[in-house]
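Colleague: If you scroll down you'll find the structure; I have some questions about it.
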Amino acid sequence: MKTRAIILKKQNINEYDQLVICYTEEFGKITAIAKSVLKPSSIQAMHLDIFNLVDFELVAGSASWRMPIITGAQAEAVCSNLKSNLNHVAVAYFFAETIDKLFFEYQKDKRLWDFLSSLLVELDSDSDDPKEFLKSKQMEFLNILGYTFNLNDCSFCSALTGGKLVAYSIETKGAICQDCFLGGRQGIVLKGGVWQSPEVIGALFESLAEKKLYSLNFLDFVIR
Ligand SMILES: [Zn+2]
């Protein structure tokens with residue numbers, strides 16, 4: 001099996017081996033094993049750095065190793081500019097963690113592959129305001145997921161509120177009107193009526209993933 005892959009995450013197993021979680025062009029998200037990659041003599045190691053775009057050769061795992069084994073790895077892009085910029089690392093880390101936690105394995109999605117590969121290229125070249133860049137990429141990502149903000153009605157009472165939506169509900173992934181909010185519904189207050197704030201977007205991604213996203217703290221520390 002051959003595919004291009006972007007490394008999202010790595011985890012040490014055994015003494016010298018690593019699990020490599022990546023998003024591939026051919027198969028979607030997969031977890032593969034890199035054998036002996038932690039030995040000092042390994043030449044694969046440098047090719048398997050996180051955020052690298054890599055050409056992979058994989059073989060099916062044996063009965064004891066159900067996952068595919070990486071038999072060849074050649075980095076096509078190592079994104080060294082990205083990795084030397086903490087803002088850019090924080091953005092890449094956010095999407096790597098989100099994709100890892102949001103998607104099942106072996107669900108190929110060309111739009112997601114295109115999104116992720118162009119994200120890394122953009123982060124590797126000089127980009128503008130990281131905050132604006134992050135927000136626009138988060139919106140693009142939500143679009144790929146098929147999520148749209150409902151800015152028209154309250155997700156609890158369905159009242160057409162004409163702009164009186166005051167908070168975001170993690171429970172319903174939608175808006176809360178003033179009446180429901182004052183009536184005790186829990187939510188994140190929309191500061192200045194703004195939806196696309198880091199707080200709301202972060203909470204939205206966590207509620208979609210149904211897991212804590214550790215990269216949000218890092219983003220918060222580095223970018224906001
Ligand atoms: Zn309501």
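Computed from the coordinates by the stated procedures, all read-outs in this text should not be read as laboratory data. All values derive from a computational prediction rather than experimental measurement. Counting neighbours? That spans all protein chains shown, and the Cβs are built from the backbone with ideal geometry, glycine included.
Colleague: What FRET efficiency comes out for the pair residue 148/residue 41, r = Cβ-Cβ distance, R0 = 45 Å, nearest 0.05? Could the numbers behind the result be given before it?
Modeller: Values: r = 51 Å, r/R0 = 1.14.
That gives a FRET efficiency of 0.30.
Colleague: Let me make sure I get this right: for the range 1-53, a, b and c are the square roots of the gyration tensor eigenvalues over alpha carbons, sorted descending. Under 1.5 in a/c it's rounded, otherwise prolate if a/b > b/c, else oblate. Which is it?
Modeller: In terms of gyration-tensor shape, prolate.
Colleague: If the rule is a partner Cβ under 4.7 Å, which cysteines in the chain fail it?
Modeller: Lacking a cysteine Cβ partner under 4.7 Å: 22, 79, 157, 180.
Colleague: Turning to a different aspect of this structure: With charges set only on the Cβ (+1 for Lys and Arg, -1 for Asp and Glu), what does the dipole of the chain come to about its Cα centre, in debye to the nearest 20? Please list the in-between numbers first.
Modeller: Working: 23 positive and 27 negative charges, 88 e Å.
The dipole magnitude comes to about 420 debye.
Colleague: Hey, another quick one. Report the local net charge at residue 144: Lys and Arg +1, Asp and Glu -1, summed over other residues whose C-beta lies under 13 Å from its C-beta. Don't skip to the answer; put the middle values down first.
Modeller: Working: positive: 110, 111, 137; negative: 109, 114, 140.
It works out to a net charge of 0.
Colleague: In whole angstrom, how far apart do the alpha carbon centroids of the range 171-210 and the range 76-98 sit?
Modeller: Going from one Cα centre to the other spans 28 Å.
Colleague: I would also like to ask the following. Sort 114, 17, 124 so the one with the fewest other Cβ atoms within 10 Å of its own Cβ comes first. Write out the running numbers ahead of the final one.
Modeller: Working: 114 12, 17 18, 124 21.
Ascending Cβ contact count within 10 Å gives the list 114, 17, 124.
Colleague: Please arrange 136, 155 by counting, for each residue, the other beta carbons lying within 10 Å of its beta carbon, fewest first.
Modeller: Working: 136 13, 155 19.
Least crowded to most crowded, the residues run 136, 155.
Colleague: Checking the a/c ratio against 1.5 first, then a/b against b/c, what shape does the Cα gyration tensor give for the range 70-135? Write down the numbers at each step before the final one.
Modeller: Values: a/c = 1.99, a/b = 1.31, b/c = 1.52.
Judged from the Cα gyration tensor, the range 70-135 comes out oblate (a/c at least 1.5, b/c at or above a/b).
Colleague: Work out the length of the dipole vector of the range 108-221 about its Cα centre, built from +1 on the beta-carbon of each Lys and Arg and -1 on the beta-carbon of each Asp and Glu, and round it to the nearest 20 debye. Walk me through the numbers before you get to the answer.
Modeller: On the way: 12 positive and 16 negative charges, 86 e Å.
The calculated dipole for the range 108-221 is roughly 420 debye.
Colleague: Among 168, 142, 218, pick out the residue whose Cα is farthest towards the positive end of the charge dipole of the chain, where Lys and Arg carry +1 and Asp and Glu carry -1 on C-beta, about the Cα centre.
Modeller: Checking the options against the dipole of the chain, the answer is 168.
Colleague: Something else: With 10 angstrom as the radius, rank 66, 4 by how many other C-beta atoms surround their C-beta, starting from the fewest.
Modeller: With the sparsest Cβ surroundings first, the list reads 66, 4.
Colleague: Based on Cβ point charges of +1 for Lys and Arg and -1 for Asp and Glu, what charge dipole magnitude is obtained for the range 2-78 about its Cα centre, in debye rounded to the nearest 20?
Modeller: With Lys and Arg at +1 and Asp and Glu at -1, about 200 debye.
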